[in-house]
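Working notes, structure below.
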Amino acid sequence: MSVQLNKAIFNSRIRLIITAWASASENEDYASIADTGALFVSAGDPAGEDDPIRKGTAFQTWLLGFEFPSTFMLFQKDKILILCSAKKAKILQQIKGIDNPVPIEILAQAPPKEPTNDAMPKFVQAYTSHSRVATLVKETQTGKLVKEWETALASANSKPDLIDMAPSISSMLAVKDDEELRSIRTAANLTSTLLTHYIAVKLETILDKEAKITHEQFAGQIEARLGSGEGEDAKGPDMKVWSKGRGLNDVDWGATEFCYSPIIQSKSSKFGYDLRSTAESSDDLIAHNGVFLLATGIRYRGYCANVGRTIIVAPTKEQEEIYNLLLLLQADLLSKLKDGAVVRGIYQHALSFIKDKKPSLEKNFVKSIGFGMGLEFRDSAYLLSPKNSRHLKENMVVNLALGFSDLQDDNGKTYALHLSDTVKVDHEKGILLTDGVKTVKDTLFFETNDADDFKSSKAPKKPPVKPLANGNSSSPAKNKTVAGKVLRTKTRSAAQEEVMVTTAAKIKEHQTELHAHLQAEGLAKHSEDGGGSGGKEGKGWKRFQSYKGDAALPKEAESMKIYVDRKAQTILLPVHGFAAPFHINTIKNASKNDEGDFTYLRINFQTPGQLAGKKEDTPFEDPDATFIRSVTYRSTDGHRFDTIFKQITDLKKEANKREQQKKEMADVIEQDVLQEMKGRRPTKLPEVFVRPALDGKRLPGEVEIHQNGLRYQSPMGSQKIDILFTNVKHLFFQPCDKELLVIIHIHLRAPIMIGKKKAHDVQFFREASDVQFDETGNRKRKHRYGDEDEIEMEQQERKRRQMLNKEFSLFADKIADAATSSTGETLEVDVPFRELSFEGVPHRTNVRLQPTTECLVHLTDPPFLVTTLSEIEIASLERVQFTLKQFDLVLIFKDFTKPPLHINSIPSAQLDDVKNWLDSVDIALSEGPVNLNWGPIMKTINESPHDFFQQGGWSFLGGAGGEESDPEDASGSESEFEADPEELVSEESDDDVSEYDASDASDDDASASDFGGDGSDEGDDWDELERKAAKSDLKRADGGKKGDSDSDDDRPKKKKPAAHGKNNGKSKGRR
C-alpha cells in the first residue's frame, strides 16, 4: 500500500479534539463548538495550485497526514463517520482499531459503474439527527460528491443550524507537537539557507554588475533552486545552495515547495512597496539603488516558514536609524512572545516601543505584526493585531512581521522597510527559527569613491586600499560597497580601468576592521577600575587545623621527639620543651645532610617575601606578624633522620597530589537525575562503542534518548553513562567518508565523571568496516574470473558506509530535536568540513583538524580537540617565514585566564587556507616570524586588561593578517612585553610559594626534596623541539652562504650576547 497513515498520531489528535470539545464551555478558544452535537468537515475537489490552502484541508492533513479530496467527516461524541470512495476507504482502514478513542465507521460509496448503496443516506441521517452542527461555513466546496450531498440534503426533512467552528479549528492546530516542530524547523532551515546562500548573494551580484533583470525573473530564478522543468528536461534541487545549510542532509525534496512565489520589490516596481504577503514581483527591471524588500517562504511536509528582509543601497542616516529600530524592536518583542501572553498586549507593547524611541513613526507602523503559521501559511485567528484577545501558548509558531510603510526619503519618494522571521513561542521567550542577512553589516550597502575614504556601517572612515604589487591599483571609478566588500560597476569607463581586489587585500581590509572592533570591544569590556588580578582574586593564606585541643594530640607528643602524624597530616616538632604541631600544607620542603658525626634535618616553611625584591601578591592579616622561615635539628642518629625525612617527603607528595586532584575536579559537576521515557520505548542506536571506554571488556552497547538526556548502556547493563541535555554544549556528527569510524560526538559544558576520570567529551562510534563481512569471497571465486567480485565488494562497502552515515545522521538529528524541545535552546548538529581541514599538532601527535560551523575539532582519536570559535579572541600565526616548511597557530581566548591553545607544525602550504578560514569566521589574526612566550604576556594582560587595551591592545602583534611582518619589527613590538629575567623568576617563584606548590626546591641545601618532580628530568616539549630545529636550519643556511663545511656547522660556536637579543620570543639574561 503506497499511502501509509500514522495511526498513533491520528489517535492522539482525535483525543485532543475530544478533550477540546468537552471543555469548550469553559475554554474561550473552543467556545464556537460548545453546545454542538457534531463537527462536520467537508472536502470537495482539490483547490488550484495558486490558491491558498483551506482550513478544512489543513485540518484533514493535520489529522491524517495526507489530503483526501471528496471526503466528508462527521465527528460525533460517540462515533466518527467518514464518507468517501471505495478506494479511499481501503486506505483509511489503517486508522481503525480497538485503540481508537471513539469508534470509527467508514462509509464507502459504490464505484461509478455499480448501483448506489446506502452510504450517503446513512451519513445524511446521522448529520440531520443533530440540531446544531459546527462546520467551516465560509468555505465553499465543488465536485461530484458535493453535488450529491446538496441533493440528498435538500430532500431531508430537517436541517441542523450551522455554527462556524473556524476559531476552534485554529486553536487545535496552533499548538505544535514534536513531529510538527521538526517539520517547521526543517522548513525554517531551508528558508534561511536560501536567503543567506542564494538570494542575498545573487542580489549582490546583480548590483555588482548592474545586471538588467526584472523582479519577476529574479523570483523565478529563486524558485528554480527547488528544481524546474518536467520529464526529460526536469532538474532537481540545486545542491550547491542546499549543501551549505545545516541539518539538510535527509530532506524529502518531494515534500518541499514554496508557500508563495518569492516577492522582490525595489523602487522601480510599478506596484510600489507592498508589505502584504499577497504582494507580487513585477515585470519591471530591478533598480540598482534605494530600498529592496525580499520575502520568501518554504513549506516542508505541509508546514510553513517565512522570512522577510530589507536591503538598502546608499542609505540615508534616517533610513539607518529606522532599520536599527526594527532590529531593536524585534529583539525586544521576542521576550514577549511567551506562553500566556495576550496578543493585543504584544502589539500595544510594540506600539509603545515605537512611541518611546521615535514617535513620528507611529503612523507608519504596520497594523498587525504577524500571524500564526503552520499548515496554513496565515491563520487569521491568531493575527497579531491590537484587537485580538487570544492567548499565546507554548509551541505555537508565528510569523513576526515588523515594518514601516509610506515613508518619505529626502527626494520625497515613498519607500517601506520590513523585517520578518518565523518564531516559536516558548515558556520564557520566543525562539527564532529563521535567521541570516539581518545585521547592519549584511543589509546596508554604501556608495563611495575609491579616491575618497572607504565608508562602511561599522567604522566611519577607512584608508584607501594600497596599490597592488604588480603596479595596478584600484580605479577611481564609483563603486558600491557591501559592509566592506567592493562591488564593481559596469559603466564602460570604469570597467576598463577597474581591477578586482585580491584575496590578500580583502583579508587585510577585513582584518583591519576586526582588529579595530576588537580594540573597541576590549576597552568597553574592561573598565578603568576593573583591572585584572591575573586569576588570583580572593587569594590569601589558607588556614589549617591539625588538632582541636591539647587532648587531641597523639601520645607520641609526650616523648618530645619529631613525630609525623599521617592521620592528622601534621608534623610535631619539639620547640623549647613544647610539642608544636605544623600542618603539612604550611611546610614548603625538607632537606637533610650529613656533616661529620651529625645529621642535620632542615624544614622550610611557606612564608611571604622569601626572595628579595619580589612582588608580594599574597596578602596576610597582620603585616607586623613574625614568620618562621625554617627550623633545623641536629642528631647523631642518622638512621632516624633518614626515616623522618622520608616520611615528611611522602606526606608532602601525598598532600600535593590531593591538592592537584582537587583542582582538577573543581569544575566537575554532579548532574541531575535522568528522567527516563515513560509510556513508550526510547529511541535507540544499537551496536555502538563509547569513548572514554568503560571498565571491562570492550563490547558495543546502545544509546537511548530519554526525556531530558541520553543514556549509554553497556551490553550486560552493568554500567551506564547519563548525559543531560542541559550539559550539552556542542553536538557533532562526523560521517565515515574517508574515515574508519562514523561518529556522534558530544562536547559538554562542564565535565562529568566516567569511571575514575573526568571527561569533557563523550563519543559514540561504530567502525565503518564490518569485521563479520567475509572479504575473501569464498565460493564466489570458484565461479568468477576477473574483477567482478572486487567491484561488487567496493559497491557493498560504499553502500554500507552510506547506510551508516544515514543511521547516525538521523539519530543525531533526533538528539538535537529532543534537546531543543527539552531545554528550549536550539541545539543543532554540527558536521566537520573536511575540505577546509588542515594538519597540525595540538597535543603531541600530528592530526587532521577540521573546522565546523561553530568549532575547530579533531574527533577521530583521543585526545579530542573541540574549540568554540566564538570564544576565541585572536589567532596568532607564528614562525611564518619563507625558509620554513611549517608554521604554528596560537589561539588566544576571550577568557584571558585560560592558557592559549598551541597548534604546531602546520604545513606552510596550508597557510593561505588557514588565513582564509580564520578570516571567513571573523577571527582577528596576526603574523610573526618567531614564537612568542605567551606565559609572561598573558600574565601581564591579566594583571590589568584595561591598561593593556589602553596601550594599544593586540597591536603589539603587528598586524592584520594580510601583511608580512618583518622580524625586526616583530622583535621590537614583542619587547613591550619582555619581562626582566630576575623579575620573571621572582614572579614565578612567588606564584609557587603563594599557592603552596612544592615545585620550587629549596636553594639552601643540595639534597633538598622538591616533592613534585624535577622539571629538568622531563623531555623538551614540541614547541622547544621545533624552535631548536628552526634554529639549526637557520645556522646551516647561514653556514652554506659563508661556504663553511658541514663539520664546521655541527661544531658548537660561542655567541656574543647582544644587548637586546632574543631567541624565539624569550629574553636572554645578561651575565
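The values are calculated or read from the model by the stated rules, or taken from the named source; none is laboratory data. Values in this document were obtained by computation on a predicted structure and should not be read as measured data. With ideal geometry, Cβ positions are generated from the backbone for all residues, glycine too; neighbour counts draw on all protein chains shown. Just so you know, the surface numbers come from the protein's heavy atoms only, side chains and all, with ligands and any DNA or RNA stripped out. Shrake-Rupley method; radii C 1.70, N 1.55, O 1.52, S 1.80 Å.
Data for the structure
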quantity: Scan of the range 706-720 for residues that are open to solvent by 10 Å² or more (accessible area, probe 1.4 Å) and hydrophobic (A, V, I, L, M, F, W, C), ordered by number; calculated: M716
quantity: Test: K147 is at pLDDT 90 or above, open to solvent by 20 Å² or more (accessible area, probe 1.4 Å) and of a type outside the set (V, I, T); calculated: yes
quantity: Search result, residues across the range 362-410 that are among the charged types (D, E, K, R), open to solvent by 40 Å² or more (accessible area, probe 1.4 Å) and not in a helix (DSSP H, G or I); calculated: K367, R378, K387, K393, E394, D406, D409, D410
quantity: Every residue from the range 343-362 that is free of Cβ contacts under 8 Å to residues at least 12 places away in the same chain and not polar (S, T, N, Q); calculated: G345, K355, D356, P359, E362
quantity: Conditions (1) open to solvent by less than 20 Å² (accessible area, probe 1.4 Å); (2) assigned by the TED database to the domain that holds R749; number of the one not met by D817; calculated: (1)
quantity: Search result, residues across the range 863-889 that are among the β-branched types (V, I, T) and over 28 Å from V762 (Cβ atoms); calculated: I874, V880, T883
quantity: Out of E825, E854, E835, sole residue that is in contact with a Ser or Thr (Cβ under 7 Å, 6 or more places away or on another chain) and modelled with pLDDT under 95; calculated: E854
quantity: Matching entry among R246, R276, R299, R309 (being part of a strand (DSSP E or B) and open to solvent by 20 Å² or more (accessible area, probe 1.4 Å)); calculated: R299
quantity: Search result, residues across the range 122-135 that are more than 11 Å from I33 (Cα to Cα) and either hydrophobic (A, V, I, L, M, F, W, C) or surrounded by 14 or more Cβ atoms within 10 Å (Cβ to Cβ) (or both); calculated: K122, F123, V124, A126, Y127, T128, H130
quantity: Residues that are over 15 Å from T643 (Cα atoms) and assigned to a strand (DSSP E or B), drawn from the range 599-610; calculated: N604, F605
quantity: Within the range 675-716, strands (runs of 3 or more DSSP E) holding 1 or more residues that are β-branched (V, I, T), touching a Leu at 6+ places or on another chain (Cβ under 9 Å) and over 19 Å from K757 (Cβ atoms); calculated: 701-705
quantity: Scan of the range 839-851 for residues that are touching a Phe, Trp or Tyr at 6+ places or on another chain (Cβ under 8 Å) and either open to solvent by less than 20 Å² (accessible area, probe 1.4 Å) or not in a strand (DSSP E or B) (or both), ordered by number; calculated: V841, R844, L849, Q850, P851
quantity: Within the range 10-55, considering residues that are among the β-branched types (V, I, T) and at pLDDT 90 or above, the one most open to solvent (accessible area, probe 1.4 Å); calculated: T19
quantity: Residues of the range 168-188 classified as in a helix (DSSP H, G or I) and open to solvent by 40 Å² or more (accessible area, probe 1.4 Å), total; calculated: 3
quantity: Lone qualifier among A219, A211, A200, A224 - being in a helix (DSSP H, G or I), among the aliphatic types (A, V, I, L, M) and surrounded by fewer than 18 Cβ atoms within 10 Å (Cβ to Cβ); calculated: A224
quantity: Subset of the range 625-654 that is open to solvent by less than 100 Å² (accessible area, probe 1.4 Å), touching a residue at least 24 places away in the same chain (Cβ under 8 Å) and touching a Ser or Thr at 6+ places or on another chain (Cβ under 6 Å) - its residue that is farthest from P608 (Cα to Cα); calculated: G638
quantity: Residues located in the range 623-653, provided they are at pLDDT 90 or above and among the acidic types (D, E); calculated: D642, D650
quantity: Matching residues, the range 334-361, being in a helix (DSSP H, G or I), under 26 Å from G824 (Cβ atoms), open to solvent by less than 70 Å² (accessible area, probe 1.4 Å) and of a type outside the set (V, I, T); calculated: L334, G345, Y347, H349, A350, F353
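Residues checked against (1) among the polar types (S, T, N, Q); (2) more than 25 Å from Y303 (Cβ to Cβ):
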| residue | (1), (2) |
| --- | --- |
| A211 | no, yes |
| T214 | yes, yes |
| A219 | no, no |
| L226 | no, no |
| E230 | no, yes |
| G236 | no, no |
| V241 | no, no |
| G247 | no, no |
| D252 | no, no |
